[in-house]
Amino acid sequence: MRILVTGGDGLLAHQLKKMGSNGFVFFFPGHAEFDLTDPGLMAQRLGEWDPQIVINTAAYNLVDRCEIEREHSWAVNAAGPETLAQLCAPKKIKLIHFSTDYVFDGVKKTPYGEADPPNPLNHYAAGKLAGERAVLRISPHNLVLRTSWVFDWHPTQAKTFVHTIIKAARESRALKAATDQVSVPTFATDLAQWTLDLLRQDAGGLIHAVNDEGISRCDWTRVVLAEAVQAGLISTAPPVEPVLGAFFNSAMRRPDYTVMSNENLSRRLGHPLGSWHAGLRKMLAQMR
């Protein structure tokens, strides 16, 4: 089975690459080779590589900048997946696409299920919602996985929240983190494995794909620091000042609670999905 993975230089693509062939033939084009804003290039590449599956990991996820660079973020997160789905459909190519917990407004204070109505609060989330809806409208055989707070080790990229916190601790910078932003950290290695497992099941539709256990951004920061000390990456864990999200004066309105239930995915795969704690320890061991 031939699988084209867009965003081939990114975090999730790297984890898929590490898993080896497993009977699959992968193509991992980077942005220049497969640009979601260039329909002609996408059509050309699909014709050249003739994949049976496309896994779209590409996205514009600098969420604050999406409020400013609205045209570009919409082109990548909404129009791009729609065009890709339109190109895949006549060729009977299954498209697996990733979306975000940010499609929810945070009003509900218990975990969101797939049937809960989305209500995006910002441009990034609106674009991601438009993209996922287009992918499923064009073919119900396609699969959309909503996930959140993805982290993992990467040989050349150090952009995750975990990297940011450890770098700040090493530089003895004051740390502040929001108590009113709650979601689920998700280990990219786990997410990659779930994706391949669902692919083997030929799953379609909308599925929430996150690890167990929601946590606030503030408590997540403290856990990262404590584990980094245990891993020998920093000598001591600096204090973390709890603040409200409004303290950061972001241009983007963020939902305060976007924990998603993974019960549907766990049932489909036939096993618990596990805590992000184990993934964090694995990542920190690789960083060491």
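Tabulated data for the structure shown
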read-out: Region 244-284: number of residues that are of a type in the set (A, V, I, L, M) and modelled with pLDDT under 95; value: 4
read-out: Some residue of region 52-66 being surrounded by fewer than 14 Cβ atoms within 10 Å (Cβ to Cβ), more than 18 Å from the chain's Cα centre (by Cα), farther than 22 Å from PRO118 by Cβ and not acidic (Asp, Glu); value: no
read-out: Subset of region 31-73 that is among the aromatic types (Phe, Trp, Tyr) and in contact with a Ser or Thr (Cβ under 9 Å, 6 or more places away or on another chain) - its residue that is modelled with the highest pLDDT; value: PHE34
read-out: Residue count, region 201-235 (criterion: out of contact with any Leu (no Cβ under 9 Å at 6 or more places or on another chain), among the polar types (S, T, N, Q) and more than 27 Å from ASP116 (Cα to Cα)); value: 1
read-out: Residues (free of Cβ contacts under 8 Å to residues at least 40 places away in the same chain and more than 21 Å from ALA177 (Cβ to Cβ)) located in region 231-288; value: SER266, ARG267, GLY270, HIS271
read-out: Boolean, ALA78 is touching a helix residue (DSSP H, G or I) at 6+ places or on another chain (Cβ under 6 Å), under 23 Å from SER216 (Cβ atoms) and modelled with pLDDT of 95 or more; value: no
read-out: Every pair of residues 6+ apart whose Cβ atoms lie under 8 Å, when the first sits in region 64-83 and is closer than 19 Å to ALA32 by Cα while the second is β-branched (Val, Ile, Thr) and outside any helix (DSSP H, G or I); value: HIS72/THR37; ALA75/THR37; VAL76/THR37; ALA79/THR37; GLY80/THR37
read-out: Enumerated strands (runs of 3 or more DSSP E) restricted to region 132-234, each holding at least 1 residues that are small (Gly, Ala, Ser); value: 175-178, 205-208
read-out: Among residues of region 115-131, those that are in a helix (DSSP H, G or I) and not aromatic (Phe, Trp, Tyr), counted; value: 8
read-out: Filter result for ALA43 (of a type in the set (Gly, Ala, Ser), on the phi < 0 side of the Ramachandran plot and in contact (Cβ under 8 Å) with a residue 40 or more places away in the chain); value: yes
read-out: Some residue of region 220-229 being in contact with a His (Cβ under 8 Å, 6 or more places away or on another chain) and of a type in the set (A, V, I, L, M, F, W, C); value: yes
read-out: Members of region 238-288 that are among the basic types (Lys, Arg), more than 21 Å from LEU62 (Cα to Cα) and in contact with a helix residue (DSSP H, G or I) (Cβ under 8 Å, 6 or more places away or on another chain); value: ARG268, ARG281, LYS282
read-out: Matching entry among VAL243, VAL210, VAL182, VAL224 (being more than 30 Å from GLN52 (Cβ to Cβ) and surrounded by 22 or more Cβ atoms within 10 Å (Cβ to Cβ)); value: VAL224
read-out: Residue within region 99-113 that is within 14 Å of ARG146 (Cβ to Cβ), modelled with pLDDT of 95 or more and loosely packed, with under 15 Cβ neighbours inside 10 Å present; value: yes
read-out: Identity of the residue in region 135-149, surrounded by fewer than 21 Cβ atoms within 10 Å (Cβ to Cβ) and of a type in the set (A, V, I, L, M), that ends up nearest to the chain's Cα centre (by Cα); value: LEU136
read-out: Test set (1) closer than 30 Å to LYS282 by Cα; (2) within 16 Å of the chain's Cα centre (by Cα) - THR164 fails condition number; value: (2)
read-out: From THR236, THR221, residue being over 26 Å from ASP105 (Cβ atoms) and hydroxyl-bearing (Ser, Thr, Tyr); value: THR236
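Quick grid of which residues meet (1) acidic (Asp, Glu); (2) in contact (Cβ under 8 Å) with a residue 60 or more places away in the chain; (3) within 19 Å of ALA59 (Cβ to Cβ):
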residue: LEU136; (1), (2), (3): no, yes, yes
residue: ASN142; (1), (2), (3): no, yes, yes
residue: THR160; (1), (2), (3): no, yes, yes
residue: ALA174; (1), (2), (3): no, yes, no
residue: GLN181; (1), (2), (3): no, yes, no
residue: ASP190; (1), (2), (3): yes, yes, yes
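The values are calculated or read from the model by the stated rules, or taken from the named source; none is laboratory data. Just so we're clear, the structure is a prediction, and the values are computed from it rather than from any experiment. Cβ coordinates were reconstructed from backbone atoms using ideal geometry, including for glycine residues, and neighbour counts include every protein chain displayed.
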